[in-house]
Each structure stands twice: as C-alpha cells, then as structure tokens.
1. Which of the lysines could a cross-linker bridge to residue 190, judged by Cα under 16 Å and excluding same-chain residues fewer than eight apart?
2. Between segment 557-616 and segment 210-269, what is the separation of their alpha carbon centroids in Å?
3. What Kirkwood radius, in Å to one decimal, follows from the Cα pairs of segment 5-264?
4. Report the calculated FRET efficiency for residue 285 and residue 370 (r = Cβ-Cβ distance, R0 = 22 Å), to the nearest 0.05.
5. Just how far, in whole angstrom, is segment 63-96 from segment 168-183 if you go by their alpha carbon centroids?
6. Relative to a virtual label point 7 Å from the Cα of residue 264 in the Cα→beta-carbon direction, which members of segment 176-196 show backbone nitrogen distances below 16 Å?
7. How long is the gain from residue 510 to residue 201 if the chain were fully straight, where each residue apart is worth 0.36 nm and the alpha carbon distance is subtracted?
8. If each of residue 240 and residue 162 carries a label point 7 Å out from its Cα toward its Cβ, how far apart are those two points in nm?
Amino acid sequence: MGQTLTEKILDDHLVEGELETGEEIGIEIDQVLTQDTTGTLVWLQFEALGLDEVQTELAAQYCDHQTYQFDFKNTDDHRFLRSAAGTFGAYYSRPGNGICHNVHKENFAAPGKTLLGSDSHTPTPGGLGQLAIGSGGLDVAVAMGGGAYYIEMPEVVNVRLEGELPEWATAKDVILELLRRLSVKGGVGKVLEYTGPGVESLTVPERTTITNMGTELGATSSIFPTDEKTKDWLSRVSREDEYVELSPDEDAEYDDQITVDLSELEPLIAEPSMPDNVVPVREVAGTDVEQVMIGSCTNGAYEDILPAAKMVKGQTVDKKTEMIVAPGSKQASEMLAREGWTAEMMAAGVNFSEATCGACIGIGHVPASDSVSLRTFNRNFEGRSGIEDDNVYLCSPEVATAAAIEGEIVDPRDLDDVEAPGLEMGDKYGEGMGKDDPDIIAPDEAVDDGLVKGPNIGDVPLKDELDAELEGPALLKMEDNITTDHIIPATQDILMYRSNIPKLSEFTLSRVDEDFAQRALDSDGGFLVAGENYGQGSSREHAALCPMYLGVEGVLAQSFARIHRANLFNFGLIPLEIDEEDYENIEQGDDIEIVDDVAEAVRSGQEEFTVRVNDDWELTAELNASERERQILADGGKLSHTKKKAEDG
Ligand code: F3S
C-alpha cells in the first residue's frame, strides 16, 4: 500500500513507534520556532533542563505577539529572548519584524522538513509542504535540545479540491467552508492533506491561509503537496534550492475523504464568537461595521493586503468606519511601500500598524463597545479582541475591504464601482522577501552572550511527584469549548506577567470566575470540571502551568484539545475523561476523590479510575495516556521527569 504525504514525511523522521493510527510515535524535529508570549518559558525550561546549545537544524525566536513597549517588563522579556537566542544558538527576529508564521515562511520554512513551534498556528507552512505542528513550550525546549517529539499518530484525511475559485471567492472561504462543515472539533486527531486538481490553482500564500486555519478545526497539521507553484514561490523568496518534489503515492489510503468543489464557493463569513459560525456573507449583508482590520498570520501577507490595496485605490473608506492594516511582516510592509500601495491605501483613508499580532489578542485596536469589527484573522473567541461582549466577524481581505468602503457588510459581488482584484502569478508578490532581512539576527551575529533577566523574569515552578491520594473540591465547573484565552487571557494587562508565574496565576480563569484563583489557593488542591474540547485555542502552556501553581491537581472533562492535553501532562495535572451524564451530575463545590493509589495506578497503566463524588456516588473516568505520558505525569511533569531521567543516567 502506498503512503500519504504525511506518512512519508513522518516515516523519514521516525525515531520511535510505528505509523499506526492512534499509536504514539516519536519524530525527529528539523526546525523549531517560538514567539514572545511562549518563548520566555521555552528558554527558562531549556536552561532548567541543563541544556546549553540548540541541536536542531534551525531554531528561531520571534517577537510578535506583544511588540509595544508599555513599560519595562515587555522590553525586558524581549531582551531576555535576544540574549537566550544568542546564548543557545537560535535566530532572533526583532519586535516589529513580523508574526512568527509569516516571517518563518518567508525566511526558513522548507518542504519535507519537520517544524515544531510553541504556537498553535505553527502548521502554516504546510502550504509549502512542510510538516509543521504546534505544541507546548516544554516540548519545544526538549526538541530543541535534540529530543524526539511524541505524538499520537493522527488520522490522515484527504481534502480533495476540485474546480477553481470563482471571482470574489478566496482561500479564506475554502477554510471557512471546512469550518462550516466540520466545526471547531472536526479536525481533532487528524492531519488534513490537500490533494486534487484544485490544488494547482492555488498559490502558496493561498495555501498557507488554508493550512494556518486548519488549527481552528483542531487539526494536528495541514499539508499541501509541492509543485511548480511551490518552486516559483521559493524562487521569489530567494530559496529555490530548497525545493523538493513531494506528493502522496497514487495508491495512498486515507482514513477519510472530504471533497470541496472550489467553483461552488461564495464569500463566507464567521459570525461572533466562534470560527465555525460560518454563513454566506449575503445573509448578514447590511450589518453596520465600525472597524475593519486586515492582518494576522492568516491574512497578513503581502499577497493578502495587495487585493485590499487594489480595491481601495481611488475609493474612500466610509466615514463611520475605521480600516486598519497590520501587515504580517515588515518585509511585506516594505514591499507595499516600495510599490506605492501604502500611499494609495493611506489616500483612501486606511491606517497602518506595525507588523504585529497585537489586535488579534486584544493588544491595540480594541473595538468600541457594542460595535461590529470585521477582521481577516483566524479567531473571534468572545473577549479576545480586548473587550467583553465583542462582535468580531472573520472574513477574507476582499470582504473586509468591501465593508470598509460601504460602511456595512456587503457581498462583494454586489459592489458597483469596485472590480475584483484578481491576483496573477505575474504580480511581483513575494519577490525578494526573506533575503537579507536586517531584523533577523543569526546565531553567529548575536549581540551579546549570557542570559539577561530583568526583575519580572522568574523561575519555572516545579511540581512534586504525583500523590497516592488525590482529592479536593470541584473548584470550577465550565461548559464546552473553554479556550486557553479563558484560562489565561493574552491581553496586555495580563500578558506582561508571562515570565512571572506567581503574579500571572492571579488571573487564572478570571474571565470565567474572578474569585477562582484565590479559591484554588485557599483550598489546597482540587479539580476543574469541563465539557467538550477543553483548552482549545492557543498552545499557551501558562494555561496548564498557572492552574498547577494554584494547586489544581487535575481536570475532569468530556474531551480535551490536543495541545492543552499535552500541556496538562507536561505540568503534572491529570486529565481524566468523563461522560456527558456524569459531567451533568457534578456540581461546582462537590467533593471529588479519586479512589485508587493514583500514583501507582498511573505508573502501572490503569486506564479506568473510580471517582467518588461527595462520598455519595461514583463515576468512572478514563485516562488515555501512553506509557511515556504516564511516567511524565507520575514524576510531576515533564521538567521533573526529564531531569530525573538525566540523573538516573
Ligand atoms: Fe499572532 Fe493571532 Fe496568529 S496572536 S500568531 S496573529 S493567531
């Protein structure tokens, strides 16, 4: 039987296990990336592990999420990251140089290589044939030290693309259509592998929009084969020598197949406040819009902004609407400026921001209360824009620009005076990016040696070995689809404590219950209870580390998002799955006791655990864990486990 493209790349990198769906495999990682919200912990953990030099082919540290320097804390973090990159041997991209996925794509992403990143949208370069996976920072630190990355062998699903996109339908509509069909849980445990005759009609930037937002489906990764379009794009970023031809075998067998006829797509939009609330734009046409934002790692590339520029040239942004462009990379900004597009957009009333994640996580450009913001981003979780009860819609740059011109949501097919921008391969897109980027400092150009830690940068807390007895109250009961933004919000006032865990922990789950942190500290142990898909969203390991710091011992949930589940193991919190009926019956405040010698049961491979509630009734909870995950959990988390292994020789 032939292999899928995913299997071929995994096979090439396999160091442990077999490529059987659901089995744990260990793979070698070629490249890693990290960014500024997760990076400080990555390097502190790299240091705590006693590692002294990056062992992967390449490691890159980006400063993108929080680039504004409100006070010393963030600037200290960036200085620490620069010193860590220089000390340990990673590339360092300065704040303002762009979003990790955009800059990595332009400079380093390579077909056939594996990439591990401490950011959930790491799968972005799957659009050029790289197998890229998001993970917690500790997994990145270990991989960077030369360790394997472990993952359950995902199902490989074939997304077969047929036909070609009609006018005004875009790559964003392809992934919104998949979200409409499959929901935010539809990709969990899967790699989405794109094939079919429709692939060749899509450019690399269009493909990376699709692979970027596979994360919103919960997918482990998404990948396209390589072809002439890949070769052409690599040559435009001066890296044609990195082209490798990659495709699945003709007789490859997939676990499932989904067909999307591109020619049947129309402009789509995700309504507030989940990326899968997708409807045709025409159904919400006429909704007033106060803010339009173009940018993010999904649609912040030069090739995403160019259509917007072509549309607004000679037009004006409606008087009651603000339109802001936040380019994904500084090089994209530079190209737009060089070619005169920045001036055209400014003349039309468009405002420009520096190249940053910023607004995507509520740092800057927070919408007005009770207003609608249309964004080309990938997430519209409630409150993520920086204000509770926000109304954020997700759409393509074309739909966003049409709304900016009209002051309301409009199906761009109904525009009278604006022509479809239609990008051709002949456009000079991508040309020259990634070459001689002055804002990237190579390891051998490092400014200084030795770690520089400001007063806000603390140590990584460690947890003791798992106890034999685990009991405590249900500290908080939550619903389905709780995101890492709920657990540890990434807004500026909170994010500035990302390297100061005691302080950051005070904000744990504060958006769900503002008394939670104090209650958890006071109770000396306890559990979180949640519905489906607990921990979806970012790779932020603070969402496991802070509850651990507060004394939380485990999470009882109907299901877990992949990266967060791995982070719970990494920080020694037991993730137990319960069924819907038991979830319904547990009340916040109930006494929870796991009726076993928990440490022994975890180590010995026990899968079912009896949980006694209020000394009154019992339920059965499941621990789905590999042997490796069990030992990590029992040792009190991956940091303690890895140190212990090193000490044991
Ligand atoms: Fe940044 Fe938002 Fe992407 S925070 S990495 S632009 S999802």
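The values are calculated or read from the model by the stated rules, or taken from the named source; none is laboratory data. Small disclaimer: the values here were computed from a predicted structure and weren't measured. For neighbour counting, all protein chains shown are included, and Cβ atoms are generated from backbone atoms with ideal geometry for every residue, glycine included. SASA here: full protein model, heavy atoms, side chains in, ligands and nucleic acids out. Shrake-Rupley method; radii C 1.70, N 1.55, O 1.52, S 1.80 Å.
1. In chain and number order, the partners are 8.
2. Measuring centre to centre over Cα atoms gives 38 Å.
3. 18.6 Å
4. Values: r = 20 Å, r/R0 = 0.92.
The computed FRET efficiency comes out at 0.65.
5. 35 Å
6. It comes to 176-182, nothing else.
7. Numbers: separation 309, 0.36 × 309 = 111.24 nm, distance 4.61 nm.
Extra length from residue 510 to residue 201 when fully extended: 106.6 nm.
8. Label-label distance for residue 240 and residue 162, simple model: 3.6 nm.
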